[in-house]
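The values are calculated or read from the model by the stated rules, or taken from the named source; none is laboratory data. Values in this document were obtained by computation on a predicted structure and should not be read as measured data. Positions of Cβ are backbone-derived with ideal geometry, glycine not excepted, and every protein chain shown enters the neighbour counts. Accessible surface is based on the protein model in full, side chains and every heavy atom, while ligands, DNA and RNA are left aside. Shrake-Rupley method; radii C 1.70, N 1.55, O 1.52, S 1.80 Å.
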Amino acid sequence: MGKKRKGQIVTISGSFICLALILRYAGLFLTFADGMMIVAAIIAGYPILKNALQALRFRILGIETLVSVAVIGAMFIEEYWEAAAVTFLFTLGSYLEARTLEKTRSSLKSLFDLAPKKATIIRDGVETEVSPDEVIQGEIVLVRPGEKIPVDGTILKGSASVNQAAITGESIPVSKRKDESVFSGTVIEVGYLEVVAEKVGEDTTFSRILEMVEEAQENKAPTQKFLERFAAYYTPAIIVLSILVYLVTKDLVLSLTLLVISCPGALVISAPVSIVAGIGNGARKGILIKGGDHLEKASKVDVVAFDKTGTLTVGKPEVTRIKSYHMQENELLKLTARAEIGSEHHLGRAVIEEAKKRFSDSLVMADEFSVYMGQGVRALVDGRELWIGNRKLLMENGINIPNDVEMDLQQEENNGQTAILVADSQGVQGVISIADVLREDAYELVSQLKKTGIKKIVMLTGDNQRTAAAVAGRLGIDDYYAELLPENKVLVLKGMQQSGYVVAMVGDGINDTPALATADIGIAMGGTGTDVAMETADIVLMSDRLDKLPYVLGLSRATVGNMMQNIYFAVIVVTVLLIGVLFKTVFLASGMLVHELSVLLVILNAIRLMKYKGIVLSVRGKMKATSVEC
């Protein structure tokens, strides 16, 4: 039954009750007044009874069943006021719950409302307006000021100021120009763009966000699942208890009152309403939490493990030095770039970008290409077999590293550079040094995480020991593991889990996906991250900002705290009402009123999570996840 229909029933039944009360207190037409109470009870009670019968068909004893039995019993003993009041209050409570629950879902609803509705494309030389789902990959999409970008793509022409709040949660527009990427769902505030469509329809980042948010609402937290199992046994137990009370006391009113006040409404809703509010808050900030189970588990994280490249660094490494031993520097660069064209690794991209800067002609892809995860690549370029990567790659393939080359490597690594070796069948041909800038927010990240209660912060990287040590030292990271293959990262995480830690892994690349899947919580960087990493992760930071990590961990703790507040409150209310029934100070109508009020208070408490703004320092200098403003 919809919210509008509930509102109409509340209005009609409430009007009948008011008229009946006026007649009763005036001492007029008492039989007619009772008749109006009966009509009010039927109008408000029919949907309740209907839902109860439908639930019983599936062998479910719900709250509606308890209320229906109580109302039928009240009518049987001619307590028409009690019957009318209980059905009216239950329906009123259900209506108000629907209204207030809308607030907890407001962020999620507003996210869906941001979906692009149209796309302007150039098709057969003519400007045509179509649905975003009808855009074909490779077509040119025109986007003007105030319009939403309907596809993921690369800017072919123009420049613009783009509001990316729908994707990243950041309301400050960013400048976009030729050859830069744009996302579906973002809005051009000033400027004009012609975009080559690369991802369309359900494949766009925005569509995948909507899909993840929808799925997130279906994934229940462990506490929520427990409460639902509890309610399945609790409700039948209450019916049996009420029957036993009647058999002992012969007091039907007492038994009926026990049925009503024992409804576990506030208890059942206490967990899901907090979870939805927490997920909604995260979505508004550009943080995708893929379910209540992940949100609840994130509150228990005490170790955070980071990938280095693209996570702690900006993910845009640049070539800083090329050392060639047996050929021209440019020849070495071109051969390496051709070998790396098929690679998605950040270091490979850096080599390709440097080659594009130096050479006007386009690069021809290698004849053969294969990836050695965590080591490098092998390629066949114009019949020449090349091995490009780290020491392990060359050593495992029988290629010796001369002393002078090793000295060059060590010098670069001591300077915090990542040095890759280029070799062929004749031996090492050169060393290409690549540097990636650390993210500005990485320097404060460790202290922020420590203040949220994280016990240990580690870095897992395929880089060598010297480069890893330099990065860890600069950022104040507790420990680091270097020269790791993807499977080695998994083993490190499993070791920490076996030691009793709850571990979160933060990464962005394909080589991070095994670790993201192994960790208790996998967190992907959405801005620079690969599609596979984003799909594998439990939480995605769409804004690609590390300061969102302490935020989401604080939000998870605040959400679980809010959920426990609701649970304790619901249990206390039921206990107090039970005592009131036993001492005959709580009656059928008043018990239902208190019950509905408790449900509303639980919802209102959860809505406070929508205003959570982060973690703040307490007076003693310790961090608390308590900045929930009302």
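Listing for the model above:
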quantity	calculated
Y325, Y233, Y46, ranked by accessible area, largest first (probe 1.4 Å)	Y233, Y46, Y325
Area of T418 that stays accessible when all protein chains are in place (1.4 Å probe, Å², to 10)	10
Within-14-Å neighbourhood charge of V182 [Cβ basis; K, R +1; D, E -1]	0
0 to 90° range, to nearest 10: angle between helix 465-475 axis and the chain longest Cα axis	50
Sorted peptide list for 241-253, 332-344, 434-446, criterion being average Cβ within 10 angstrom, highest first	332-344, 434-446, 241-253
Pairs from K50/K584; K285/K316; K308/K489 whose Cα-Cα separation, in the structure shown, is over 21 Å	K50/K584; K285/K316
In degrees, nearest ten, helix 442-451 long axis to first principal axis of the chain (Cα)	40
Pair I136, L363: separation of 7 Å Cα→Cβ label points (nm)	3.1
Pairwise FRET efficiency - R384 versus E198, Cβ, R0 = 30 Å, nearest 0.05	0.40
Members of K118/K613; K300/K613; K297/K613 lying beyond 24 Å, as alpha-carbon distances in this model show	K118/K613
Rough spin-label spacing in nm, given labels placed 7 Å along Cα→Cβ, for Y46 and S175	6.6
Cβ-defined net charge surrounding I243, 14 Å radius [Lys, Arg +1; Asp, Glu -1]	0
Which of S207, N488, S255, positive extreme of dipole for the chain (C-beta unit charges)	S255
Nearest 10 degrees, 0 to 90: helix 205-218 Cα axis against the chain principal axis	40
Burial ranking of peptide ranges 402-414, 454-466 (average Cβ count within 10 Å, highest at the top)	454-466, 402-414
Largest-first ordering by accessible area, 1.4 Å probe, given options M373, M395, M534	M395, M373, M534
Rough spin-label spacing in nm, given labels placed 7 Å along Cα→Cβ, for Q410 and I579	7.6
Magnitude of the charge dipole, the stretch 115-157, Cβ model with Lys/Arg +1 and Asp/Glu -1, debye to 20	200
Under 13 Å, Cβ to Cβ, from L546 - net charge with Lys/Arg +1 and Asp/Glu -1	-3
Considering only the chain, percent of DSSP beta bridges that pair antiparallel, nearest 5	75
Amide H contacts of V502 (H built 1.01 Å from N, under 5 Å, at least 5 apart or other chain)	D302, V303
Contour minus Cα-Cα distance for V571 and L597 (0.36 nm per residue)	8.0 nm
Cβ-placed point charges (K, R +1; D, E -1), dipole of the stretch 446-554 about Cα centre in debye, nearest 20	520
Within the chain: Cβ-based charge dipole about Cα centre, in debye rounded to nearest 20 (Lys, Arg +1; Asp, Glu -1)	2720
Derived scalar couplings ³J(HN,Hα) [the stretch 289-302; Karplus, 6.51 cos²θ - 1.76 cosθ + 1.60; whole Hz; x for Gly, Pro]	9, 8, x, x, 5, 6, 5, 5, 5, 4, 5, 9, 4, 10
Computed FRET value (nearest 0.05) for E331 with K300, which takes r as the C-beta separation and R₀ as 51 Å	0.40
V276 - accessible surface, heavy atoms, 1.4 Å probe, Å² rounded to 10	20
Among Q426, V67, V503 - extreme Cα towards positive end, dipole of the chain, charges at beta-carbon	V67
Gyration tensor (alpha-carbon) shape descriptor, the stretch 443-546, a/c threshold 1.5	rounded
Area accessible to solvent at W81, 1.4 Å probe radius, in Å²	90
Over the chain: helical MRE at 222 nm, DSSP H runs n ≥ 4 each giving -39500 (n - 2.57), nearest 500	-17000 deg cm²/dmol
Calculated Cα Rg over 2.2 N^0.38 Å (choose from (1) 0.94; (2) 1.25; (3) 1.05), label	(2)
Exposure ranking of K584, K225 by accessible area [1.4 Å probe, largest first]	K584, K225
